[in-house]
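Single-structure report; data block below.
The values are calculated or read from the model by the stated rules, or taken from the named source; none is laboratory data. The structure presented is a predicted model; accordingly, all values stated were derived computationally and were not measured. Don't worry about glycine lacking a Cβ; one is built from the backbone with ideal geometry, like all the others, and counts go over all protein chains shown.
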């Protein structure tokens, strides 16, 4: 009797959460999936007819190419972020408590500004005859302005900049919890610093590194506005394709089908992660 | 303490209630309101204030980002809620098809004769039964003759290798794919998929010249020297020319694309009479002049043409001898043709990034 009452109360407290999830996550998801199997009307809206045409359309080379390009950019950005973010997070964990606090603050402050506005800062840096051009000319590295803005490297810089913090904090939280005495023990037993790093440190920080990769790779599949703003719209990612289909072509069902495939890819990646990490939750996420 | 705070809050709320009442009472008696729904910044403040003072009608200005949002909201409101909407030609056609637009009672528009007939009788409203044009856009090429060393007279010149990595375009695929169609001597509105695909092939050859594709503030990139030439919207041309009078504006010799934003009254507008008053108010030449100088789009009011200041005249009024026959509007086409266009556009954007 008593336990049942307890259980009822338990469900009641969870009810708002379930309702919220059903209304704001479940229902839109179902809506998108249903929409992706419908046919577009001639000029506006959709007809109630069932079709697989939207999914068939994705397999046209031009649309497959956007998935390939999105993956390519995501891999490249994630690799660069790992290269910069892992050592950063690792050495940050070695700072004094005061240093850690200061560094955390320094990394957080830019987050207070809208990411779009921060990207416009990069436009100013990359602009023709902008600060970077002038610096390179003053240092006599180049003798005339480079065309830096609206190029692929500019997009990659924007991606790395926008997502780097996620990697740093994920690695940092892992490295901070690390048992440094194990590294000392390894060194005492004759391991070189490099061997000690690969056998002890890397293994202990692996959960952080993996969640950092997930936290940067997945958003980088969707951050199409960076490619639009810094790349002059010339790198077509799945996100910008969905936007074009929705806003310009009025082809809502095709946009929905693209979104469903993108979500499936993301789910697959998370499943893959859980398999590697042995069913553990994302470090730094929960 | 908490109670005290609650009382204080309630008191202040009640106070604002009363001030709200008193300020409304002290105004000249309100003769209704006008729910105007359009993009942001379509009218200068003086015009809106002038209308409110003259008629006693309060203007409630709400805005949308895209034509599509507007239509969505109008469908949700079942043709009600709004009294006057200004949007683009193609979306108005859809709105009319959906029965969301009221037929105009022209006896209530005494200044209708001021409208330039070039902008009337177009595809979206062939009988001028539903709409009154507001601003018009004419697709033009703008370039800086100091940095571009070819002469540009039409779309075909944009393919010149001298423009490599130096051209900016807007992200409207019907306009850009349309350039290739025009170079091939075709119509913007062809529904022949093979023709659209051929235009796509032609467009791929343009890719090496494209520096960027952008809809907003494209004029900045031309003014900062990021690109030497651009295909852009009329309001952007106006801003670019005002900032740098040396820029050259080209009416492409292959033919000119025309876009019109027009005013219409929704089928169930709550204050349709206020909407008529407003349309008629801004049709007055003096007022229209202020509107178009603010808006930066082509003036559709021929009575206002001669009032427009010298510095604006070149790009707010059509050039001498401009023939309406040389223009074509971009109209909605079949879903199949539209899909071919999107595919061509995506391929083209991919090619630009290579």
*Count, please, the residues in the stretch B:139-178 that happen to be within 14 Å of chain A (Cβ to nearest Cβ) and within 21 Å of residue B:329 (Cβ to Cβ).*
10
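Kindly evaluate residue B:307 against the criterion of being at pLDDT 90 or above, more than 14 Å from chain A (Cβ to nearest Cβ) and outside any helix (DSSP H, G or I).
Criteria met by residue B:307.
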*Any idea which of A:52, A:83, A:71 is out of contact with any helix residue (DSSP H, G or I) (no Cβ under 6 Å at 6 or more places or on another chain) and farther than 22 Å from residue A:226 by Cβ?*
A:52
*Any residue at all in the stretch A:156-173 that is within 14 Å of chain B (Cβ to nearest Cβ), within 23 Å of the chain's Cα centre (by Cα) and not in a loop (DSSP other than H, G, I, E, B)?*
yes
*Given (1) more than 14 Å from chain A (Cβ to nearest Cβ); (2) free of Cβ contacts under 8 Å to residues at least 40 places away in the same chain, where does residue B:98 come up short, assuming only one miss?*
(1)
*asked:* residue B:77 - would you say it is touching a strand residue (DSSP E or B) at 6+ places or on another chain (Cβ under 8 Å) and at pLDDT 95 or above?
replied: no
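Just for strands (runs of 3 or more DSSP E) wholly inside the stretch B:205-280: which have at least 1 residues that are on the phi < 0 side of the Ramachandran plot and away from chain A (no Cβ under 14 Å)?
Numbers: elements: B:210-213, B:229-232, B:248-250, B:256-264.
It comes to B:229-232, B:248-250, B:256-264.
From the residues in the stretch A:141-154 that are at the interface with another protein chain (Cβ under 9 Å from one of its Cβ atoms) and in contact with a helix residue (DSSP H, G or I) (Cβ under 6 Å, 6 or more places away or on another chain), which one is surrounded by the fewest Cβ atoms within 10 Å (Cβ to Cβ)? Step through it out loud before you land on a result.
Here is the first cut: in the stretch A:141-154, the ones at the interface with another protein chain (Cβ under 9 Å from one of its Cβ atoms) are A:145, A:147, A:149-150, A:152.
After this cut, where a residue has to be in contact with a helix residue (DSSP H, G or I) (Cβ under 6 Å, 6 or more places away or on another chain) as well, the list is A:145, A:149.
Working: A:145: 17, A:149: 25.
Of everything passing the filter in the stretch A:141-154, A:145 is surrounded by the fewest Cβ atoms within 10 Å (Cβ to Cβ).
Inside the stretch B:193-204, can you point out the residues that are within 14 Å of chain A (Cβ to nearest Cβ) and free of Cβ contacts under 8 Å to residues at least 12 places away in the same chain? Break it down into steps so the answer makes sense when it comes.
Going residue by residue through the stretch B:193-204, those that are within 14 Å of chain A (Cβ to nearest Cβ) are B:193, B:196-197, B:200-201, B:203-204.
Passing the criteria: only B:201.
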*Select from the stretch B:75-95 the residues that are under 21 Å from residue A:252 (Cβ atoms) and within 18 Å of the chain's Cα centre (by Cα) and write down the one among them that is surrounded by the fewest Cβ atoms within 10 Å (Cβ to Cβ).*
B:88
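Looking at residue B:338, is it out of contact with any helix residue (DSSP H, G or I) (no Cβ under 6 Å at 6 or more places or on another chain), without any contact (Cβ under 8 Å) to a residue 12 or more places away in the chain and buried (at least 20 other Cβ atoms within 10 Å of the Cβ)?
Values: out of contact with any helix residue (DSSP H, G or I) (no Cβ under 6 Å at 6 or more places or on another chain): yes; without any contact (Cβ under 8 Å) to a residue 12 or more places away in the chain: yes; buried (at least 20 other Cβ atoms within 10 Å of the Cβ): yes.
So residue B:338 fits the description; yes.
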*Could you list, in sequence order, all residues of the stretch B:149-169 that are within 25 Å of the chain's Cα centre (by Cα) and crowded, with 19+ Cβ neighbours inside 10 Å?*
B:155, B:158, B:167, B:168, B:169
*Considering only the stretch B:296-328, state which residues are touching a strand residue (DSSP E or B) at 6+ places or on another chain (Cβ under 6 Å) and surrounded by fewer than 17 Cβ atoms within 10 Å (Cβ to Cβ).*
B:326
*In this structure, does residue B:317 turn out to be closer than 30 Å to residue B:165 by Cβ and free of Cβ contacts under 8 Å to residues at least 60 places away in the same chain?*
no
*Is it the case that some residue within the stretch B:286-297 is touching a helix residue (DSSP H, G or I) at 6+ places or on another chain (Cβ under 8 Å), more than 14 Å from chain A (Cβ to nearest Cβ), without any contact (Cβ under 8 Å) to a residue 40 or more places away in the chain and in a loop (DSSP other than H, G, I, E, B)?*
no
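For (1) modelled with pLDDT of 90 or more; (2) within 14 Å of another protein chain (Cβ to nearest Cβ), each residue gets a yes or a no:
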position	(1), (2)
A:183	no, no
A:224	no, yes
A:255	yes, yes
A:278	no, no
*Give the number of residues within the stretch B:319-338 that are at the interface with chain A (Cβ under 7 Å from one of its Cβ atoms) and part of a helix (DSSP H, G or I).*
2
*List the number of the failed condition for residue B:250; all other conditions in (1) modelled with pLDDT under 95; (2) surrounded by 19 or more Cβ atoms within 10 Å (Cβ to Cβ) hold.*
(2)
*Considering the stretch A:228-248 alone, what residues qualify as being surrounded by fewer than 19 Cβ atoms within 10 Å (Cβ to Cβ) and either in a loop (DSSP other than H, G, I, E, B) or in contact (Cβ under 8 Å) with a residue 12 or more places away in the chain (or both)?*
A:243
*Going through the stretch B:96-105 one residue at a time, which ones are touching a helix residue (DSSP H, G or I) at 6+ places or on another chain (Cβ under 9 Å), in a loop (DSSP other than H, G, I, E, B) and closer than 23 Å to residue A:250 by Cα?*
B:98, B:100
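Looking at residue B:346, is it in contact with a helix residue (DSSP H, G or I) (Cβ under 7 Å, 6 or more places away or on another chain), modelled with pLDDT under 95 and within 14 Å of another protein chain (Cβ to nearest Cβ)? Show your work before the answer.
Details: in contact with a helix residue (DSSP H, G or I) (Cβ under 7 Å, 6 or more places away or on another chain): yes; modelled with pLDDT under 95: yes; within 14 Å of another protein chain (Cβ to nearest Cβ): yes.
When the stated conditions are applied, residue B:346 passes them.
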